[in-house]
Amino acid sequence: MCIKLALKVAKADTVIIHDPRLKELNFGKWEGKALSELKDDTRLFRETYKVGKQCPRGESYQDLIDRTKSFLSDLKCENGTIGVVACGGVIRAFMSLIENRPPMEMFGANVEFGQIFHYELKN
C-alpha cells in the first residue's frame, strides 16, 4: 500500500526507492487478523506492544525500531529534501527516534492514512 501511495504523490521525475527496512511490523501468526479474532491471544497480543516482546512467528516492536534506526543512519540527502512514505508502525518508530520519545509512548500516537509529518534532520 505504501508503494502505491508513493507513486501517487510523487512527481513524475522522482526516484522512488523501496527499502525493506520500512515495512510494517511482522505480526507472525496474527498477520491480517483483527484484535477481536485473536480471542485467547488478546492478552499476549497486548504484551507484544511492550518493546522486546515478540509476536508468535513474527517480530518485536524493538525489531521494527532497529530497522527504522538503521534506515535513518543510512539516510543521505544531497539536495536537502527527502520524502518517506511508510506505514503507521514505522512512522511511530520515526517519531520515537527523531523526537527522542520512549517507544511505548508512541502506541497512543494517532497516525492517519496519508497523513504528512515534517521533520528537519541535521547530519
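All of the numbers you see were taken from the coordinates with simple rules; none came from a lab. Model, not experiment: these values are computed from the prediction. FYI the Cβ positions are ideal-geometry reconstructions off the backbone, even for glycines, and counts take in every protein chain you see.
A few remarks follow.
- Segments 113-122, 59-68, 89-98 sorted - mean Cβ within 10 Å per residue, highest first: 89-98, 59-68, 113-122
- Spin-label proximity, residue 81 to segment 105-123 - amide N less than 20 Å from point 7 Å beyond Cα toward beta carbon: 114-123
- Nitroxide proxy distance, nm - points 7 Å out along Cα→Cβ at residue 74 and residue 53: 3.0
- For the pair residue 37 and residue 18, label points projected 7 Å from Cα toward Cβ lie 2.4 nm apart.
- Taking 0.36 nm per residue of separation and subtracting the current Cα-Cα distance, fully stretching the chain between residue 122 and residue 101 would add 5.8 nm.
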